[in-house]
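A.B. asks: Below is one structure. I have some questions about it.
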Amino acid sequence: MLSAGLMLLLAAACHGATPQQPSRHIALRWGVVSNFHPDTNASCELFLINQDSRPLPGSEWTLYFNSSREIVLQSLPPSVRITHINGDFYKLEPTTAFHPLMPGAELRIQFATVEPIINPTAGPDGFYFIFSNSNGQGLPPQAVASVTVEPFLAIEQTSRGAMDHVPLETPAQRYAENQTLTLLPADAVGKILPTPSHFELRGDHLDLGSDIRIHYAHGLLNEAAYLADALRPQLGRRIPIVESRARSPHTIALSLGDVTVDDHQEKPGDEAYSLSIDPRRGVAITGTDSAGVFYAIQSLRELIPPAKYDPLQSTIRLPAAVVGDAPRFPYRGLHLDVARNFQSKQSVMKLLDLMAFYKLNKLQFHLTDDEGWRLEIPGLPELTTVGSRRGHTLNDVKYLVPSFGSGPLPNPAVSHGTGHYTRDDFIQVLRYATQRHIEIIPELETMGHARASVEAMKTRYLRLSTHGNEKAATEYMLHDPQDHSVYQSVQKWNDNVINVCQPSALRFFDKVVSEISSMYREADATLTAIHIGGDELPPGVWTDSPACQALIGSDALAGAKSPANPTTSLNLYEYFISLLNHMLSDHHLITSGWAEIGLHRVSLDGKTFKEPNLAFSGKHFRVFPWDSTWGDGNEGVAYKLANAGYDVVMAHASNFYFDMPYDKDPEEPGNYWAGFVGTQQPYEFAPFNLYSSARTDVMGNAIDPQTAFKDSARLTPAGKNHVLGLQGELWSEVTEGQEMMEYQMFPKLLSLAERAWAKEPAWETMSQTSERDAKLATGWNEFANRLGQRELPRLSYLDGGVSYRLPPPGAVVEQGLLKANTAFPGLEIRYTTDGSEPTIHSNAYTAPVRVHGTIKLETFVVKERHSRTSLVTAQDATEK
């Protein structure tokens with residue numbers, strides 16, 4: 001029987017009254033029912049669970065949240081409605097059909113999404129309530145403290161629909177995949193990563209002890225100081241450095257000069273080096289330039305046994321060796337998105353250290369996007385006061401709306417959606433990168449993906465126009481107030497495109513580039529390019545803008561008109577890229593951008609193709625082909641652009657998008673529109689024999705490279721000279737914090753480094769598929785051993801330790817025998833049979849062993865780092 005007080009409260013709720021204080025104990029649970037929904041991709045359910053002592057009333061509350069998957073608004077039950085606000089931002093409200101939710105009760109809400117959801121990171125996130133008091137006034141946002149996700153177990157929950165043929169990664173599936181690998185003896189495993197051009201062991205050793213000194217030639221003080229600091233953790237002290245050319249068994253000598261890489265390379269170019277470790281003469285490093293000396297230092301550090309990275313060793317024993325080395329590509333890049341989710345200055349500097357260790361030399365710094373502007377620009381304070389913060393708002397005047405589950409509070413202490421680098425922060429990062437021979441290339445979104453800057457400049461306009469300063473208010477305006485164009489971006493924004501028809505747009509970018517250039521000068525850092533983005537411009541933009549209508553037909557637009565681009569939007573797109581290119585050329589900078597800035601659409605026989613725009617080729621453009629997955633028809637874009645004279649950096653999503661999950665496992669975070677990118681995908685990329693890498697498309701269907709790409713573009717000798725290198729990409733929609741960033745990057749980054757630096761492997765150009773696959777398998781087996789035996793143990797200590805991903809063990813039980821293996825031979829596997837979680841002290845798996853019941857296994861490495869648990873029984877194999 002209900003108490004009198006509860007009956008009164010229930011009666012008030014039923015009559016539309018609201019409690020004086022918001023309910024503070026509403027929990028949520030959501031899950032995927034099936035991705036095989038007949039009309040859409042996913043049918044889902046959301047549960048509201050009233051854990052409060054009062055009913056949840058039928059009005060005066062709103063639940064806000066983010067969903068990267070578009071919600072089918074008509075799929076909701078009659079008791080609630082969901083409204084799409086903008087981007088991935090939604091709200092859920094009760095309707096008149098909503099009945100008060102009693103204490104202890106739960107409400108099941110069914111809904112559908114347009115795309116499949118096969119892991120928790122693809123689902124809704126960032127839930128918070130706004131309640132109203134008795135006067136109808138909104139109370140402060142209340143984040144939902146308890147959100148649980150129902151497990152993804154059935155095939156309908158773990159597959160992207162009925163056409164998904166990629167197998168689920170179970171322990172048995174991993175075991176089958178790992179069976180192609182074998183444990184190699186230590187002396188058969190490479191000592192340096194990336195692999196040097198020439199490496200020769202001399203059968204002796206050199207001990208670096210208390211008497212070691214660093215002697216350096218003029219101009220190499222930076223490299224000598226770096227080496228002294230790098231060895232401090234191992235030796236417990238900083239080695240003295242002296243400007244001197246003298247050598248002895250107790251010196252590490254750094255110099256510049258001619259080097260011999262191997263017998264086949266007569267005169268190596270930039271960044272080449274030779275390294276000699278001789279017990280009678282000490283260590284000698286010679287580089288063709290200071291960068292070459294720096295990379296020789298990294299190879300020297302690689303030769304330190306991984307166990308010695310455990311700090312404070314009295315001596316370091318190095319093998320006597322001779323190394324000659326030079327990079328395959330001059331551009332060895334990594335892209336880091338800090339706009340969607342922010343990374344601290346310290347996280348970025350640690351990443352720069354790790355990039356330097358593996359000889360990467362370019363960081364494309366994705367500083368701006370729809371969801372954030374991350375760099376202080378003097379004179380434009382709103383870019384960071386508004387554009388770098390996200391929180392509950394419906395007008396974006398003070399800060400931006402929540403995205404990617406960033407929540408209601410614009411507080412960097414509780415939200416990865418808020419944060420920026422001050423001018424001093426950025427200069428410090430630039431100096432840090434320069435000391436490590438890394439060039440930072442800022443990415444500034446210049447048309448689409450620009451909502452943060454657009455909204456910030458709207459606030460600037462309001463501030464100045466309110467005080468009657470209309471001229472200053474419009475000086476850097478990025479929107480046309482009279483523009484009523486209707487569009488929606490791929491990410492569902494309806495107001496994220498800069499209006500390029502106003503002179504203030506170019507003036508804005510000139511101002512930003514000028515201020516950034518000033519920071520580089522103060523940091524004494526090299527700035528050669530600005531990446532302008534340029535991708536995913538939505539159809540419909542600028543079509544109803546008076547400013548653009550005034551521009552159309554004018555002489556200013558004449559240079560951008562083309563029969564191949566008959567639409568206004570595409571003409572204006574090329575027009576603004578041309579303006580940007582001229583502006584950047586005036587700053588002595590290269591115009592870099594995604595592949596779209598070098599392409600236009602051509603129609604032939606009723607079909608539309610992306611072809612190189614010859615108007616821009618050869619005009620200091622650098623393009624990054626990205627939108628390429630096997631079987632999508634875009635595989636040859638990189639070759640087309642290079643053949644047309646564009647400098648190209650390959651950034652193919654199929655192999656280099658590190659935000660894709662490692663494999664098809666609900667526990668693996670990441671987006672999966674480009675499939676699954678594990679550590680092997682970057683390793684097997686063949687830049688000059690591209691199509692040979694294809695085996696399956698995104699959905700797991702087999703591809704025969706011999707037939708699938710017979711009509712695809714081939715790279716010409718001239719085009720080959722335009723391929724500058726490779727770049728890995730980390731987009732940060734699901735990357736929350738430093739640990740997640742490192743998990744998604746490592747060990748994938750090591751495969752990228754190998755392919756970007758090491759010379760062309762023999763398997764890359766083999767024409768016979770069976771011969772090539774066998775040679776590739778041998779190479780991958782050695783590389784996987786290098787990761788398991790050397791690199792992952794080292795990463796446990798390097799730069800304070802890296803939060804890299806350890807692969808769960810593969811395991812089966814056959815006729816009562818447990819059989820297990822790992823993706824990186826050399827790692828330990830430990831298991832339990834009593835239901836407990838394995839620890840470093842549990843049984844070590846070394847050979848098939850008879851078991852019964854349920855077995856739990858984990859992969860281990862030093863410092864007790866371990867993988868997720870694999871669970872197997874005699875009848876089944878599942879993974880937790």
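A.B. asks: Expressed as a whole number of Å, what is the distance separating the alpha-carbon centroids of the range 20-91 and the range 741-772?
C.D. replies: Using only Cα atoms, the two centres lie 44 Å from each other.
A.B. asks: So, by mean Cβ neighbours within 10 angstrom, what's the order for 641-649, 502-510 with the highest one leading? Intermediate results must be reported in sequence, preceding the final value.
C.D. replies: Values: 641-649: 24.1, 502-510: 19.3.
Output ranking for 641-649, 502-510: 641-649, 502-510.
A.B. asks: For the range 30-112, what is the charge dipole size about the Cα centre, in debye to the nearest 20, if Lys and Arg each add +1 at the Cβ and Asp and Glu each add -1 at the Cβ? Kindly include the intermediate steps, with their values, before the conclusion.
C.D. replies: Values: 5 positive and 8 negative charges, 12 e Å.
Rounded to the nearest 20 debye, it is 60 debye.
A.B. asks: Please calculate how many Å² of accessible area the chain carries per residue, with a 1.4 Å probe and no DNA, RNA or ligand atoms counted. If you can, show how the numbers build up before the last one.
C.D. replies: Numbers: 34230 Å² over 880 residues.
Result: 39 Å² per residue.
A.B. asks: Setting aside same-chain residues fewer than 8 positions from LYS471, which aspartates and glutamates have a Cα under 18 Å from its Cα?
C.D. replies: Straight-distance partners of LYS471: GLU382, ASP480, ASP510.
A.B. asks: Right, something else. On the protein heavy atoms, probe 1.4 angstrom, tell me the percent of accessible surface of the chain carried by carbon and sulfur. Each step should come with its number before you reach the end.
C.D. replies: Working: 17850 of 34230 Å².
The computed percentage sits at 52.
A.B. asks: Take the alpha-carbon centre of the range 496-521, take the same for the range 678-705, and report the distance between them in whole Å.
C.D. replies: Cα centroid of the range 496-521 versus Cα centroid of the range 678-705: 39 Å apart.
A.B. asks: If you average the alpha carbon positions of the range 650-671 and of the range 404-451, how far apart do those two centres end up, in angstrom?
C.D. replies: Here the answer is 23 Å between Cα centres.
A.B. asks: Within a Cβ distance under 9 Å of PHE199, other residues only, what is the Lys/Arg minus Asp/Glu net charge?
C.D. replies: Details: positive: LYS191; negative: GLU200, ASP325.
Taking every Cβ under 9 Å from that of PHE199, the sum is -1.
A.B. asks: Please report Rg (one decimal) and Dmax (integer) in Å for the Cα set of the range 257-384.
C.D. replies: 19.5, 62
A.B. asks: Within straight cross-link reach of LYS863, meaning Cα distance under 19 Å, which lysines are found once same-chain residues fewer than 8 apart are removed?
C.D. replies: Straight-distance partners of LYS863: LYS308.
A.B. asks: State the answer as a single residue: which of SER415, ILE577, LEU231 lies farthest towards the positive end of the charge dipole of the chain, with beta carbon charges of +1 for Lys and Arg and -1 for Asp and Glu, about the Cα centre.
C.D. replies: Among SER415, ILE577, LEU231, the one farthest towards the positive end of the dipole of the chain is LEU231.
A.B. asks: Can you tell me the Rg and Dmax of the chain, counting just the alpha carbons, in angstroms?
C.D. replies: When restricted to Cα atoms, the chain yields Rg and Dmax of 29.1, 95 Å.
A.B. asks: Full extension from ASP258 to HIS587: what is 0.36 nm times the residue separation minus their Cα-Cα distance, to one decimal in nm? Don't skip to the answer; put the middle values down first.
C.D. replies: Values: separation 329, 0.36 × 329 = 118.44 nm, distance 3.41 nm.
Extra length from ASP258 to HIS587 when fully extended: 115.0 nm.
A.B. asks: About the Cα centre of the chain, what is the dipole size in debye to 20, counting +1 per Lys and Arg Cβ and -1 per Asp and Glu Cβ, all else neutral?
C.D. replies: Values: 75 positive and 100 negative charges, 287 e Å.
I would put it at about 1380 debye.
A.B. asks: Cβ neighbours within 10 Å, averaged per peptide: list 233-242, 422-431 in order, most packed at the top.
C.D. replies: Details: 233-242: 15.4, 422-431: 17.6.
Most protected by this proxy first, the peptides run 422-431, 233-242.
A.B. asks: Beyond 21 Å between alpha-carbons counts as too far, so tell me which of LYS191/LYS664; LYS640/LYS759; LYS350/LYS748; LYS619/LYS720; LYS640/LYS775; LYS619/LYS759 fall in that bin.
C.D. replies: Exceeds cut-off: LYS191/LYS664; LYS640/LYS759; LYS640/LYS775; LYS619/LYS759.
A.B. asks: To the nearest 20 debye, what is the magnitude of the charge dipole of the range 195-283 about its Cα centre, counting +1 on the Cβ of each Lys and Arg and -1 on the Cβ of each Asp and Glu?
C.D. replies: Numbers: 10 positive and 14 negative charges, 112 e Å.
Charge dipole, the range 195-283, about its Cα centre: 540 debye, nearest 20.
A.B. asks: Also: Per DSSP H run of n ≥ 4, the term is -39500 (n - 2.57); total these for the chain, divide by its residue number, and report the mean residue ellipticity at 222 nm rounded to 500 deg cm²/dmol.
C.D. replies: Details: 23 runs with 214 residues, N = 880.
Rounded to the nearest 500, the figure is -7000 deg cm²/dmol.
A.B. asks: With a 10 Å radius around each residue's Cβ, average the other Cβ atoms per peptide and rank 735-744, 479-488, highest first. Could you put the intermediate results ahead of the total?
C.D. replies: On the way: 735-744: 20.9, 479-488: 16.0.
Order by mean packing, descending: 735-744, 479-488.
A.B. asks: Per the Cauchy relation, a quarter of the hull surface: what is the mean projected area of the convex hull of the alpha carbons in the range 47-186, in nm²? Working shown, then result.
C.D. replies: Numbers: hull surface 54.0 nm².
Taking the Cα atoms of the range 47-186, their convex hull projects to 13.5 nm² on average.
The values are calculated or read from the model by the stated rules, or taken from the named source; none is laboratory data. The structure presented is a predicted model; accordingly, all values stated were derived computationally and were not measured. Counting neighbours? That spans all protein chains shown, and the Cβs are built from the backbone with ideal geometry, glycine included. Calculation scope for accessible area: heavy atoms of the full protein, side chains included, ligands and nucleic acids excluded. Shrake-Rupley method; radii C 1.70, N 1.55, O 1.52, S 1.80 Å.
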